[in-house]
Amino acid sequence: MSILIEISENLQKGKAKIVKELVQKALDEGVAPEAILNEGLLDGMNIIGEKFKTNEVYVPEVLVAARAMNMGTQILKPHLVAAGVQATGKVCIGTVQGDLHDIGKNLVKMMMEGKGLEVVDLGTDVSPDTFVQTAIDQNCQIICCSALLTTTMGVMEEVVKKATEAGIRDKVKIMIGGAPVNEAYREKIGADAYTPDAASAADAAVAFCKA
């Protein structure tokens, strides 16, 4: 059995320690860092993402798989940098001002990292100015806003306005999500994408970055 398949399968089971050991072993055997990332770690995380979409696995399984991925990536990072492997894109994510919920946001972040995107996590209670300034300073292609309360989802509209005022609307895509948010609301405020779950959000972000 190929060591990359072993990495993927152990990652799906959330066996962080074994994943870490296998990543090191693969490096020692001269497997290219990019192959370990794509065919081992990301492959496993993609399978978890697909299973999460179809309710074959739930949040706890995603969390342990993501932890295993993080442990594997820690060992891989210096080798990827040395090999000049670039992230597929850069995203800043946060829960909007007035809202302190972060489980959904954290899941989206994990799924995005699982697709090879670099994610700047702004945490919760993030002001529209902070989203826009971070996107400018960090050169992000995407701003992701999350809200769980109907009372805070209006902040998303502010983010779109601020991005327009800052003149970055043609360069930066704005994605929104969270329980009270839907496609009609996305259309109303002029954001670029609404996704119902974390795995779809990651897919949409990758598509934007490739475009």
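The values are calculated or read from the model by the stated rules, or taken from the named source; none is laboratory data. Here the structure is a predicted model, which means the values were calculated and not measured. Methodologically, a virtual Cβ is constructed for each residue, glycine included, from the backbone with ideal geometry; neighbour enumeration extends over all protein chains shown. Accessible surface is based on the protein model in full, side chains and every heavy atom, while ligands, DNA and RNA are left aside. Shrake-Rupley method; radii C 1.70, N 1.55, O 1.52, S 1.80 Å.
What to note about this one:
- Some residue of segment 137-145 being closer than 30 Å to residue 15 by Cβ and outside any loop (DSSP other than H, G, I, E, B): yes
- In segment 63-86, the residues that are modelled with pLDDT of 90 or more reach residues that are among the charged types (D, E, K, R) with C-beta atoms within less than 7 angstrom, at least six apart or across chains, in these pairs: 68/15; 71/20; 72/20; 75/20.
- Residue 155 meets the conditions (1) open to solvent by 30 Å² or more (accessible area, probe 1.4 Å); (2) on the phi < 0 side of the Ramachandran plot in every case but one. The failed one is (1).
- Of everything listed in (1) in a loop (DSSP other than H, G, I, E, B); (2) in contact (Cβ under 8 Å) with a residue 12 or more places away in the chain, the single unmet condition for residue 169 is (2).
- Failed item, numbered, when residue 168 is tested on (1) open to solvent by 40 Å² or more (accessible area, probe 1.4 Å); (2) farther than 19 Å from residue 151 by Cβ; (3) modelled with pLDDT of 95 or more; (4) of a type outside the set (Gly, Ala, Ser): (1)
- Selection count, segment 189-209, where residues are assigned to a helix (DSSP H, G or I) and touching a residue at least 12 places away in the same chain (Cβ under 8 Å): 12
- Residue list for segment 1-35, restricted to those being in contact (Cβ under 8 Å) with a residue 60 or more places away in the chain and within 11 Å of residue 71 (Cα to Cα): 11
- Index of the failed condition, residue 62 passing every other in (1) surrounded by fewer than 18 Cβ atoms within 10 Å (Cβ to Cβ); (2) within 27 Å of residue 211 (Cβ to Cβ); (3) out of contact with any Asp or Glu (no Cβ under 7 Å at 6 or more places or on another chain): (1)
- Just so you know, in segment 101-130 the residues that are polar (S, T, N, Q) and open to solvent by 40 Å² or more (accessible area, probe 1.4 Å) include one that is modelled with the lowest pLDDT, and it is 106.
- Test: residue in segment 107-129 that is touching a helix residue (DSSP H, G or I) at 6+ places or on another chain (Cβ under 9 Å) and without any contact (Cβ under 8 Å) to a residue 24 or more places away in the chain: yes
- Within segment 91-120, the only residue that satisfies the criterion of being among the β-branched types (Val, Ile, Thr), more than 11 Å from the chain's Cα centre (by Cα), under 14 Å from residue 198 (Cβ atoms) and not in a helix (DSSP H, G or I) is 95.
- Candidates 150, 54, 88 - the one that is open to solvent by 20 Å² or more (accessible area, probe 1.4 Å), within 14 Å of the chain's Cα centre (by Cα) and of a type in the set (S, T, N, Q): 88
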